[in-house]
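The values are calculated or read from the model by the stated rules, or taken from the named source; none is laboratory data. None of these values were measured; they are calculated from a predicted model. Cβ: placed from backbone, ideal geometry, glycine included. Neighbour counts: every protein chain shown. Each accessible area value is taken on the protein alone, full model and side chains, heavy atoms only, with ligands, DNA and RNA left out. Shrake-Rupley method; radii C 1.70, N 1.55, O 1.52, S 1.80 Å.
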Amino acid sequence: MGGLRTGFWRRPLWLALMALVAAVSPARSTPSGDVARGTYLARITGCIGCHTPRTRDGVLEARLLSGGDHPIAGNLGRFFPPNITPDQATGLGAWTAADIGRAIKTGQTPDGRILSSAMPWRTQFSGLTDSDALAVAAYLKSLPPISNRVPPPLPPEKK
Ligand code: HEC
């Protein structure tokens, strides 16, 4: 009967071991995990600060990433940070996650434009890993779409 006893004890041990391996495994990139990391990155890398309307001491959380209301100076003029929620007409609704990741890291948009330095892709975001750029993209895709078109760019400020 010893065999039956070992069999009985082995199964829970085996399951416990598998649960432990699953818990400590670094390769747990479920979509929800990506969104959590993307949310974290979007805060600390400044996407939210630039691409959301400002209040006196922060941003308008109800209109998160629907476009900034302060123009940012860059090499080609002063650009309003666009709406990067998944709205079809005024945001990134038509962009894939890969499109978004590429734009963040290389400044290239799906329509072949190169983003100006008002969007700090060259100085900051080109250093993101592909998985972090895609995590940010997954987070943007998870946002509620908000309709808002930012104003066109302003000419460079006179020095
Ligand atoms: C310093 C302010 C600033 C920060 C920080 C910033 N952006 Fe931008 N972003 C801009 C501006 C300004 C533009 C428009 C640039 C242009 O059109 O040349 C832009 C453009 C974009 C575009 C292109 C959208 C379109 O419709 O063409 C995407 C996508 C984008 N940003 C995503 C992000 C993400 C994701 C982050 C965080 C990782 C981020 N941005 C951080 C200012 C910023």
Taking the range 93-102 and keeping residues within 9 Å of the ligand (Cβ to nearest atom) and either loosely packed, with under 14 Cβ neighbours inside 10 Å or assigned to a loop (DSSP other than H, G, I, E, B) (or both) leaves Trp95
Flagged pairs (Cβ under 6 angstrom, 6 or more apart or on separate chains; first in the range 45-72, on the phi > 0 side of the Ramachandran plot; second open to solvent by 30 Å² or more (accessible area, probe 1.4 Å) and more than 9 Å from the ligand (Cβ to nearest atom)) are Gly67/Asn148
Please work out which one of (1) within 20 Å of Pro53 (Cβ to Cβ); (2) part of a loop (DSSP other than H, G, I, E, B) is the condition Leu140 fails and give its number.
-> (2)
Those helices (runs of 4 or more DSSP H) completely within the range 1-92 that have 2 or more residues that are modelled with pLDDT of 60 or more and within 16 Å of the ligand (Cβ to nearest atom) are 31-44, 47-51
Could you say whether any residue in the range 117-125 is over 16 Å from Ser66 (Cβ atoms), free of Cβ contacts under 8 Å to residues at least 24 places away in the same chain and aliphatic (A, V, I, L, M)?
-> no
Would you point out the residue of the range 103-116, among those that are touching a residue at least 24 places away in the same chain (Cβ under 8 Å) and in a helix (DSSP H, G or I), that is farthest from the ligand (Cβ to nearest atom)?
-> Lys105
Exclusive hit being touching an Asp or Glu at 6+ places or on another chain (Cβ under 9 Å) and over 19 Å from Leu154 (Cβ atoms), set Thr96, Thr109 = Thr109
For Gly67, work out the one condition from (1) within 17 Å of Arg149 (Cα to Cα); (2) open to solvent by 40 Å² or more (accessible area, probe 1.4 Å); (3) of a type outside the set (Ser, Thr, Tyr) it doesn't fulfil.
-> (2)
